[in-house]
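Encoded as structure tokens, here's the structure I'll be asking about.
The numbers here are math on the coordinates, done by the rules we state, and not lab data. Source: prediction; values computed, not measured. No Cβ is skipped: glycine too gets one built from the backbone with ideal geometry, and neighbour counts run over all protein chains shown.
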Amino acid sequence: NGLEATVVGIDRMRLTIDERIELQTGTKDLAIGEGALWVTNSDERTLARIDLVTRDVNVAELSGIGSVSGVTVTPSGVWVGGSTDIVKLDPASLQLIETWPLRFPAGQLAADRGSVWVTHLADDQVTKVDEETGPSAVLEVGDGPIDVTVGAGAVWVTNALDGSMSRIDPATNAV
């Protein structure tokens, strides 16, 4: 909850809040992986790591990438998109592993099979980022790509401004 600066846990059986974790400031996006819940904060330009067992919170400052937006987790690291760059961090130490520039500000992120996919709302595009070599393709999608996910052998992008969905073949980059 960005306005209250909290992350809440919901009891799946009763559909009630059963846990509340306070953060220093509001939240932007979240992802789960590598034993933690990862939460970005665009105002403070930070990434919070919440341990799934102990609930300990560690915060990394993300300077130099502009306003912080989406986050995703892969076996090679934690990825955070910003208004100028995308970064990969070590999930254990929160140390920066790599920084790559983006042509457009990042929105949401998703990952699968060695690639991270980044939406660019204002430019109607998605960037494919190779986990080892950086940005490898910029693809035209629908009007206002707002979210991205990976499943059923494809990358799926919802486009808010024209009400469409784009399907990307990750092997060929065909939209």
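Two-decimal Rg/Rh of the chain from alpha-carbon positions, Kirkwood Rh?
Here Rg/Rh amounts to 0.97.
Out of segment 66-143, which GluC sites (Glu not before Pro) are coil in DSSP terms and have no more than 16 other C-beta atoms within 10 Å?
Qualifying residues, ordered by number: Glu132.
Excluding the sites themselves, what is the longest stretch of the chain that contains no trypsin sites (Lys or Arg not before Pro) in a DSSP loop with at most 12 other C-beta atoms within 10 Å?
Maximal segment without exposed cleavage sites: 114-175.
Among residues other than Ala5 whose Cβ falls under 12 Å from its Cβ, what is the net charge (Lys/Arg +1, Asp/Glu -1)?
Once positives and negatives cancel, what remains is -2.
Just to be sure I understand: with springs between alpha-carbon atoms less than 10 Å apart, which residue in Ser164, Ser69, Ser83 has the highest mean-square fluctuation in the Gaussian network model of the chain?
Ser164
Looking at the square roots a ≥ b ≥ c of the eigenvalues of the Cα gyration tensor of segment 40-85, which shape do they give, rounded for a/c under 1.5, prolate if a/b is larger than b/c, or oblate?
Oblate, because a/c is 1.5 or more while a/b does not exceed b/c.
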